[in-house]
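Presented below is the structure to which this report refers.
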Amino acid sequence: MYKQVGQWLLAPLIIFGGMLAPAQARGAEDDAQAVRQAATRFYAALNALFSGAVAPMQAVWSHADDVSYMGPAGGMQIGWKAVLAEWQTQAEKKLGGEIEPTDIHLTVGPSLAVMENYERGKNTNLDGNAKDVSIRATNVFRKEDGEWKMIGHHTDLLPGLAP
């Protein structure tokens, strides 16, 4: 009798477990797609910043105290206020040009994601000369209220931008 009761109890668990795995896989695929979209918004915001627009950058970042930014001009900003101030300084330079991510490697977890890539394109340096850009970047995203927000951006230094 116990064997029959055990089979009856086990059968729904097996069926439910089989349904759960595809749902989890769909959730992971959905998160990976959402992170890719957040990264696309970040790079669109970065390109808008080159013409002086800060608002798109404000929209893609988390406004938390633990965010960090280590950009191509050097330094490390911690916390949203410091990160925003650096983006505003960069926007004022109006470097022009356009950067895009290439060779993307993405790792996505339930609430954090890391994207490693190259940033390639053109910018104007502080002397006003157009320069090719090809640097490494690491972007970190966190899911906040169901939306993926950037919480960290780190790039190689660009000597033409460093003070």
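Modelled spin-label separation between Ala64 and Glu147, with each label point placed 7 Å from Cα along the Cα-to-Cβ direction: 1.5 nm. Surface exposure of the range 49-163, expressed per residue as accessible area with a 1.4 Å probe, stands at 53 Å². The lysines whose alpha-carbon is closer than 19 Å to the alpha-carbon of Lys131, local same-chain residues fewer than 8 away aside, are Lys93, Lys94, Lys122. Computed about its Cα centre, the charge dipole of the range 103-163 is approximately 20 debye, with only Lys, Arg, Asp and Glu carrying charge at their Cβ.
The accessible surface of the range 83-163, taken with every protein chain in place and a 1.4 Å probe, is 50 percent carbon and sulfur.
The values are calculated or read from the model by the stated rules, or taken from the named source; none is laboratory data. Please read these numbers as outputs of a predicted model, since none were measured by experiment. Reconstructed Cβ throughout: ideal geometry from the backbone, glycine too, with neighbour counts over all protein chains shown. Ligands, DNA and RNA are stripped out before the accessible areas are found, and what is left, the full protein with its side chains, is counted by its heavy atoms. Shrake-Rupley method; radii C 1.70, N 1.55, O 1.52, S 1.80 Å.
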